[in-house]
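A short write-up of the structure that comes next.
The values are calculated or read from the model by the stated rules, or taken from the named source; none is laboratory data. The shown structure was predicted, so the numbers you read here are calculated from the model rather than taken from an experiment. A quick note on method: Cβ atoms are made from the backbone with ideal geometry, for glycine too, and the neighbour counts reach across all protein chains shown. Calculation scope for accessible area: heavy atoms of the full protein, side chains included, ligands and nucleic acids excluded. Shrake-Rupley method; radii C 1.70, N 1.55, O 1.52, S 1.80 Å.
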Amino acid sequence: MESTVNEKKGNDFTNEQMERYSRHILLKDVGVKGQRKIRNAKVLVIGTGGLGSPAAMYLAAAGVGTIGLADFDVVELSNLQRQIIHSTADVGKPKVQSAKETIAALNPDVRVVTYQERVTAANIAEIIRDQDYDFIIDGVDNFPAKFLINDACVLLQKPFSHAGIIRFFGQTMTYVPGAGPCYRCLFDAPPPGVAPTCREAGVLGVMGGVLGTIQATEALKYILGFGELLTGAILTFDATTMDFQRVKISRNRKCRICGENPTILELFDEESPVCETR
Ligand SMILES: [Zn+2]
């Protein structure tokens with residue numbers, strides 16, 4: 001521990017940290033106790049694109065002690081319109097490296113663990129178990145990976161935030177083991193046929209900001225243990241009309257992974273290879 005520990009207030013944050021997190025500490029539902037929970041938390045962000053960029057940055061700014069970043073990709077110029085954790089000088093760099101540097105500059109309190117690999121049925125459990133992450137952010141851009149994250153979280157009993165964005169639309173929900181439906185309760189499998197990708201369909205850059213920030217909010221609320229999460233509900237956002245809709249959803253007893261007679265007992269990669277919702 002550093003010598004500047006704030007002994008006056010009997011806590012283990014330095015004066016600098018007390019100042020950095022002062023607007024959190026002022027909150028009744030956070031305080032020093034809550035900030036300590038945030039510091040002790042480990043969040044895995046899968047995908048450092050449109051959704052993962054703002055999610056990881058807000059989690060880092062908030063002081064989440066350990067942030068895992070998983071992404072196999074390198075930064076492309078066409079990413080920069082929405083993937084705000086990366087800068088022009090990062091083009092060509094692995095996304096996890098670029099994101100790690102941004103986080104280090106933002107908040108040196110955060111320990112960043114990187115996984116520069118494509119998340120698959122073969123490695124996802126190992127990645128989640130690597131730091132025994134408390135909460136997972138689904139920031140991926142394709143349906144197979146979204147189902148994989150869901151299945152891994154259900155089987156490993158880990159909470160996660162799902163989000164998807166395309167054009168001017170977004171949706172998000174939170175899964176907490178035992179507390180509500182999973183993603184597969186709503187969408188049994190990737191949509192058949194060729195769904196449009198962001199590359200084909202486009203996406204307004206800010207959509208990742210709106211939805212990814214909600215995902216970070218859910219993670220922080222889960223860590224702090226207050227408020228109402230988006231469990232048993234899906235929130236949709238239409239930027240063309242500025243309509244947010246919170247629709248109640250229930251567990252599907254016939255869900256293939258969290259239902260009464262699950263048939264998905266081990267992880268597998270869904271085949272539908274196309275569709276980016278980032
Ligand atoms: Zn389910």
Practice item. Specify the longest stretch of the chain that does not include any exposed loop site, a site being one of the GluC sites (Glu not before Pro) with a non-H, G, I, E, B DSSP assignment and at most 15 other Cβ atoms within 10 Å. Key: 118-227
Revision key, fill the gap. Per DSSP, the loop-located trypsin sites (Lys or Arg not before Pro) within region 35-68 having at most 14 other beta carbons within 10 Å are none
Exercise for review: Label region 20-128 by shape, choosing from rounded, prolate and oblate, from the square roots a ≥ b ≥ c of the eigenvalues of the Cα gyration tensor; if a/c is under 1.5 it is rounded, and otherwise prolate applies when a/b is larger than b/c, oblate when it is not.
Suggested key: oblate
Check your understanding: Tell me, what % of the accessible area of the chain is carbon and sulfur with a 1.4 angstrom probe?
Key -> 52 percent
Review point. Summing +1 for each Lys or Arg and -1 for each Asp or Glu, what net charge is found among the other residues whose Cβ lies under 13 Å from the Cβ of residue 136?
Key: -2
Practice item. Would you mind telling me the antiparallel percentage of the DSSP bridges in the chain, rounded to 5? Key: 55 percent
Review point. Tell me, what ³J(HN,Hα) does each residue in region 178-190 have, in order and in whole Hz, if you take phi through Karplus 6.51 cos²θ - 1.76 cosθ + 1.60 with θ = phi - 60° and put x for Gly and Pro?
Key: x, 10, x, x, 9, 4, 6, 4, 8, 10, 5, 7, x
Practice item. Within the set of other residues whose C-beta is less than 13 Å from the C-beta of residue 158, count the net charge using Lys and Arg as +1 and Asp and Glu as -1. Key: -3
Check your understanding: Which of 21, 77, 49 sits closest to the plus end of the dipole of the chain, meaning its Cα is farthest towards the positive end, when Lys and Arg get +1 and Asp and Glu get -1 on the C-beta?
Key -> 21
**Study point:** 222 nm mean residue ellipticity, helices alone, for the chain (DSSP H n ≥ 4; -39,500 (n - 2.57); rounded to 500)
**Key:** -9500 deg cm²/dmol
Practice item. Return the long-range amide H neighbours of residue 135 (sequence gap of 5 or more, or a different chain), with a cut-off of under 5 Å between placed amide H atoms. Key: 42, 44
Check your understanding: Setting aside same-chain residues fewer than 8 positions from residue 100, which lysines have a Cα under 19 Å from its Cα?
Key -> 42
Point to revise | Whether region 89-245 is rounded, prolate or oblate, judged on the alpha carbon gyration tensor where a/c under 1.5 counts as rounded | key: rounded
**Study point:** Sparse-neighbour loop sites [trypsin sites (Lys or Arg not before Pro); region 63-125; at most 12 other C-beta within 10 Å; DSSP]
**Key:** none
Review point. When the Kirkwood radius is taken over all Cα pairs of the chain, what Stokes-Einstein diffusion coefficient follows at 37 °C and 0.692 mPa s, in µm²/s?
Key: 172 µm²/s
